[in-house]
Ligand code: ADP
Ligand code: MG
């Protein structure tokens, strides 16, 4: 802890403050998330340990980078030091667009989608698309079990200072050993983005993250979530029907079709990240960024 100098508080997490810190060794600005576990049940504490372990495993340009953690046992707190995303989060961007009556340009939307697909690909399929070459010419593939994010929403997608998207807040995420048989039970995320399989069976799989991503991309365009209702029952019905209003006219039918594919009510027919990453438009985005 002495290696960092405390700077401004930048956010309020569900379990404590989030503040900017300066690493004394090199002056680098990082973020420290404080989590008070004193009121957590044993189960929640286990979940917390698993969040930290998940973060450690995930090293990807589109996932908020974890650096280290400290446990303050007397204070029942854990501190996680991570990358600072100075561009804020997508919820802020959506709010600003609404206020100024602006739309996010379509090429920006495709770009955001591409980066989030790459982040999810890493979570779901252990970075199988990311072989990094080491000096001796050998390729190493990072691998870890399937990780479900389970809370993809505008507040949990961050931006750094260079237009890079970073998926963050893995507080509700879960590691599953076998994604095909072991469904993560119990719903924990944002109700607006709840997928049909959750509404009906309360099971969560990799495709549920895809559904939430579809909701997010829709909201980036429409500045409203695709499914809204005043009651939970009304919302459930809308989600199960899966009908969405058309996007504002400036957006292409290609984008609408991609969102519709992510919002396929039948999760078996909903494509995986691997399939979306094969789309021509997405491949072009990856090429441009390289
Ligand atoms: P919670 O689990 O409570 O939702 P989050 O990790 O989503 O916590 O953080 C809450 C808020 O703190 C975010 O919406 C954001 O404003 C800010 N924040 C969190 N992490 C970062 C980061 N790495 N860089 C910049 N801001 C962050
Ligand atoms: Mg959050």
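The values are calculated or read from the model by the stated rules, or taken from the named source; none is laboratory data. Remember, predicted model here, so these are calculated numbers, not experimental data. FYI the Cβ positions are ideal-geometry reconstructions off the backbone, even for glycines, and counts take in every protein chain you see.
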Can you tell me which of (1) part of a helix (DSSP H, G or I); (2) under 28 Å from residue 204 (Cβ atoms) is the one residue 82 doesn't meet?
(1)
Does segment 85-98 include one or more residues that are within 16 Å of ligand 2 (Cβ to nearest atom), within 13 Å of residue 32 (Cα to Cα) and buried (at least 20 other Cβ atoms within 10 Å of the Cβ)?
yes
Please verify whether segment 16-35 includes one or more residues that are assigned to a helix (DSSP H, G or I), within 13 Å of ligand 1 (Cβ to nearest atom) and closer than 27 Å to residue 289 by Cβ.
no
Go through segment 88-133 and report how many residues are under 22 Å from residue 10 (Cβ atoms), away from ligand 1 (no atom under 16 Å from the Cβ) and at pLDDT below 95.
0
The residue from 57, 44, 34, 5 that alone is over 28 Å from residue 112 (Cβ atoms) and crowded, with 17+ Cβ neighbours inside 10 Å is 34
Hey, any hits in segment 240-263 for a residue that's at pLDDT below 95 and assigned to a loop (DSSP other than H, G, I, E, B)?
no
Six or more apart or on different chains, Cβ atoms under 8 Å: show the pairs whose first residue is in segment 211-231 and at positive phi and whose second is buried (at least 19 other Cβ atoms within 10 Å of the Cβ).
223/94
Which numbered condition residue 50 misses (of (1) within 30 Å of residue 4 (Cα to Cα); (2) modelled with pLDDT under 90; (3) away from ligand 2 (no atom under 16 Å from the Cβ); (4) not in a helix (DSSP H, G or I)):
(4)
Those residues of segment 64-93 which are under 18 Å from residue 115 (Cβ atoms) and more than 16 Å from the chain's Cα centre (by Cα), in sequence order:
86
Residues in segment 186-197: is at least one exposed (fewer than 13 other Cβ atoms within 10 Å of the Cβ), under 19 Å from the mean Cα position of the chain (by Cα) and either within 29 Å of residue 126 (Cα to Cα) or at pLDDT below 95 (or both)?
yes
Which pairs do you get when a residue that is at positive phi, found in segment 158-170, comes within reach of a residue that is assigned to a loop (DSSP other than H, G, I, E, B) and more than 14 Å from ligand 2 (Cβ to nearest atom), reach meaning Cβ atoms under 8 angstrom, with the pair 6+ apart or on two chains?
163/87
Out of everything in segment 146-162 that is part of a helix (DSSP H, G or I) and surrounded by 19 or more Cβ atoms within 10 Å (Cβ to Cβ), what residue ends up being farthest from ligand 1 (Cβ to nearest atom)?
154
Suppose the filter is in contact with a strand residue (DSSP E or B) (Cβ under 9 Å, 6 or more places away or on another chain) and not in a loop (DSSP other than H, G, I, E, B); does residue 44 pass it?
no
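From the set of residues in segment 16-34 that are within 16 Å of ligand 2 (Cβ to nearest atom) and over 19 Å from the mean Cα position of the chain (by Cα), which is nearest to residue 70 (Cα to Cα)?
Of the residues in segment 16-34, the ones within 16 Å of ligand 2 (Cβ to nearest atom) are 16-19, 31-34.
So of that shortlist, the ones also over 19 Å from the mean Cα position of the chain (by Cα) come out as 16-17, 19, 34.
On the way: 16: 14, 17: 15, 19: 15, 34: 10 Å.
Selected residue: 34.
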